[in-house]
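Every read-out reported here was derived from the displayed coordinates using simple, explicitly stated rules and does not represent laboratory data. In this text, all values refer to a predicted model and were calculated from it rather than measured experimentally. Note: ideal-geometry Cβ built from the backbone for every residue, glycine included; neighbour counts use all protein chains shown.
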Amino acid sequence: MSPAVIDVPSRSAAVPGVVGADLRVPLVTGGTAAYANLDHAASAPCSSAVRDAVDELLPHYASVHRGAGFASQVCTRVYEGARQVLSDFTGARQGDQVVFTRNTTDALNLLASAAPRGTSVVAFDTAHHAALLPWRHVRRIPAPQSPTEAVQALDEALAECPEGPRLAVLTGACNVTGELWRVAELARAARRRGARTVLDAAQLAPHRPIRLAELDVDYAALSGHKLYAPFGSGALVGRADWLNAADPHLAGGGASRAVTERAVSWTTGPERHEAGSPNTVGVHALATACRTLTTRWGDVVAHESALLSRLRAGLVEVPGLRELSLFGSEHDRVGVVSFTLDGQDPGLIAAALSAEHAIGVRDGLFCAHLGTRHLLTKAGADSGRALRASIGLGTTTEHVDRLVAALKSLVADGPAAAYEQVDGHWAPVDDPRPLPPFLP
């Protein structure tokens, strides 16, 4: 059964605004058009609230933890205050640490280095590379056919692990299909086997609330650039013991308590893994984004759900389109849809959508090669890659409708311009589009 079409305003005034909502880009066919950013799953635009917060902080920018000056004291308070914001945003437990990182990949690599030697790690093949690749040794679980099968498969994989520490890597929302995983059920299964859990929340955090204490998850990792705060900050939130016992993620100033000619003693707490001058602006941006979303969750979820329903209903009408799905078309999901078009090269379609229709989408395997290839095989696709459209705060009904209309046109008539492959990517031949003047 295809989703019903739900009409929504062009962009709900109830949801936070984003920078670039009025961006116009040149077309290969001449003129300009309003940009339809349907690639939120890769990196979301900056929210207007985040931009304003960053502008407000910049005149006070100074060192953190190291200066007696007024501006330094302001920045230290901003930086440390952001920890409580992230703790509240993730529903962390008392005593959990918030360690600021560059992004989700950095956060999960930090946890991989902090896990006790000999820890048995299990993860599903469908995981994003950030959640699949950092571990010294990982037992991969084949893609499950249902949420129930996922819980059973995790239980069996953990049961086969040798004695010692165990860690289950869980996905909140699939970055390929947007489908939500039953994190609480998976966490219970892991707990029964004596395993800790880490949640890859990168794709979940911008779309739904997270409650670590309620989910009984030990750690969560997330990225600011997916949370409308593209200033190079992320976080690892979770239990303190492994983090305090591990060697610092980076060795340097801030992580050291005392240095003598013969020895170094390291701090405990988040600072142990935050050596060097911190990304104060990025952390402030991340905290602002989290505060903004927390006060607007009802509006955000309603806005995205309506647009997702409209998008999926429109895609059903595109000839030869195959939507990728792990758990079935009715399974709950966030605003991400991946698909193929019979007989069409995804890279060429993505290039034509950009050059001729001012629509930004993603094509490829989405940094989840094992999982995406499984989904392509399951869908009977012949392309070897897929297209992904993802929505968020900046998405409008016009963007959705334009994508559907453009896909129908490209399937029926093909691109209007000529394209060639350059360094493995499709691009218009003799592309006449001018670049922005700020580029050299």
Practice problem: Enter the mean projected area of the convex hull around the alpha-carbon atoms of the chain, in nm², rounded to one decimal. | Solution: 23.4 nm²
Practice problem: State the Cα centre-to-centre distance between segment 157-186 and segment 47-123 in whole Å. | Solution: 25 Å
Quiz item: At a Förster distance of 41 Å, what's the computed FRET efficiency of Glu330 paired with Ala62, Cβ-Cβ distance as r, to 0.05?
Solution: 0.20
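Quote the charge dipole size of segment 189-307 about the Cα centre in Debye, to the nearest 20; the model charges only the Cβ of Lys and Arg (+1) and of Asp and Glu (-1).
240 debye
For a protection proxy built on the mean count of beta-carbon atoms within 10 angstrom, sort 73-80, 417-424 highest first, please.
Output ranking for 73-80, 417-424: 73-80, 417-424.
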Quiz prompt | Which of Ala190, Thr268, Ala92, positive extreme of dipole for segment 49-294 (C-beta unit charges) | solution = Thr268
Exercise. Report the normalised scattering of segment 114-162 as log10 I(q)/I(0) at q = 0.27 Å⁻¹, calculated by the Debye formula with identical scatterers on the alpha carbons.
Key: -1.08
Self-check item: Length gained when the stretch Ala34-Trp297 is fully extended (0.36 nm per residue, less Cα-Cα span)
Solution: 92.0 nm
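Counting each pair of different Cα atoms once, what's the Kirkwood radius of segment 75-215 in Å, rounded to one decimal?
Mean inverse Cα-Cα distance, inverted, gives 15.7 Å.
Please state the charge dipole magnitude for the chain, taken about the Cα centre, from unit charges on C-beta atoms (+1 on K and R, -1 on D and E), reported in debye and rounded to the nearest 20. Display every interim value, and only then the final one.
Working: 40 positive and 45 negative charges, 238 e Å.
Approximately 1140 debye in magnitude.
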Quiz item: So how many Å³ per residue does the convex hull of the Cα atoms of segment 137-196 work out to?
Solution: 86 Å³
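Given a Förster distance of 25 angstrom, what is the FRET efficiency for Ala263 paired with Arg211, based on the Cβ-Cβ distance and rounded to 0.05? Can you show the working numbers first?
Working: r = 42 Å, r/R0 = 1.67.
Computed FRET efficiency for Ala263 and Arg211 comes out at 0.05.
Kirkwood Rh over alpha-carbon pairs of segment 177-270, then Stokes-Einstein at 37 °C and 0.692 mPa s: what D in µm² s⁻¹, rounded to an integer?
210 µm²/s
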Exercise. Would you work out which of Pro162, Ala406, Ala44 lies farthest towards the positive end of the dipole of the chain? Charges go on Cβ: Lys and Arg +1, Asp and Glu -1.
Key: Pro162
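With +1 on each Lys and Arg Cβ and -1 on each Asp and Glu Cβ, how big is the dipole of segment 49-294 about its Cα centre, in debye rounded to the nearest 20?
On the way: 25 positive and 24 negative charges, 56 e Å.
My answer is approximately 280 debye.
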Practice problem: Just the ratio, please: alpha-carbon radius of gyration of segment 49-294 over 2.2 N^0.38 Å, N its number of residues. | Solution: 1.03
Quiz item: What ranking, highest mean first, results for peptides 334-340, 245-251, 232-238, 266-272 when packing means the other Cβ atoms within 10 Å averaged over each residue?
Solution: 232-238, 334-340, 266-272, 245-251
